[in-house]
1. Which lysines have a Cα less than 21 Å from the Cα of LYS25, not counting those fewer than 8 places away in the same chain?
2. Pick out, in residue order, every one of the trypsin sites (Lys or Arg not before Pro) in region 50-91 that is DSSP loop and has at most 14 other C-beta atoms within 10 Å; say none if there are none.
3. In what sequence, largest accessible area first, do HIS29, HIS114, HIS84 appear using a 1.4 Å probe?
4. At 0.36 nm per residue, minus the direct Cα-Cα distance, what do GLN17 and THR166 gain on full extension? Give it in nm, one decimal, please.
5. Which order do THR117, THR101 take when ranked by solvent-accessible area (1.4 Å probe, heavy atoms of all protein chains), largest first?
6. Sorted by accessible area (1.4 Å probe), largest first, how do GLU138, GLU110, GLU74, GLU65 line up?
7. Give the cross-link partners of LYS145 among the lysines, using a straight C-alpha distance below 22 Å as the criterion and excluding same-chain residues fewer than 8 apart.
8. Rounded to the nearest 10 Å², what accessible area does TYR160 have for a 1.4 Å probe in the complete protein model?
Amino acid sequence: FWCVPGILIPTRNLAGQIVIWQVRKDTLHRKGDLRYITVSNQKLPGHVTESVSRCHFPLSNTPLEKASRVIITEGPLKADVALHLYRKPVCFLAIPGISTTKDMFRYVPEFKKHGHTAVYNALDMDRFTNPNVRSGSETIKEKFKKQGIELMDMYWGTHYAVSKYTVLAMVARYRQVPVCIPPHANA
């Protein structure tokens, strides 16, 4: 087993089984080096029998039938921490990034089976300032809608959100990136 200095992050399926190991490397030695290394356990003895999914469900998630809501975020480590801090009966689902969403939609029948008609978008807040992330977020919303699930935006607390949005908007304007005004900003 070859180890790279960094954080070892398991990616778990809905049943809590590890389907992928991810390493977030501590350092990058050359330009173009990958920050994350992902290894499937599909060919290891006793591997999980389902197909590999890049979606992560934290081990201490509330089961879907008892969860008050399903919340989507980016990154398995962030989902684990967010679940710990959220302290409510919710089910987090993490995708690796805005461009890696295909596997997420295979869980829609499970969401519906347990009465979830909406999922909550807690993806990175740069979905309002980064055109690529904004476009990816809109694509996710459309795909969920086609399957009968509404994607609801989640935001930080008002005071924190305003200060964070101000900083992100300044950065976006400095880089000449158009800024999307969040729907709740005029409320």
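The values are calculated or read from the model by the stated rules, or taken from the named source; none is laboratory data. Note that this is a predicted model, so its numbers are computed, not measured. As a convention, Cβ positions derive from the backbone with ideal geometry for all residues, glycine included, and neighbour counts pool all protein chains shown. When the accessible area is computed, the model is the full protein with side chains, heavy atoms only, and any ligands, DNA or RNA have been set aside. Shrake-Rupley method; radii C 1.70, N 1.55, O 1.52, S 1.80 Å.
1. LYS78
2. Hits after loop and neighbour filter: LYS66, ARG87.
3. Of HIS29, HIS114, HIS84, the descending order of accessible area is HIS29, HIS84, HIS114.
4. Difference between extended and current length: 49.6 nm.
5. Values: THR117 100, THR101 15 Å².
The residues order as THR117, THR101, largest area first.
6. On the way: GLU138 90, GLU110 60, GLU74 30, GLU65 110 Å².
Final ranking, largest accessible area leading: GLU65, GLU138, GLU110, GLU74.
7. LYS102, LYS112, LYS113
8. 120
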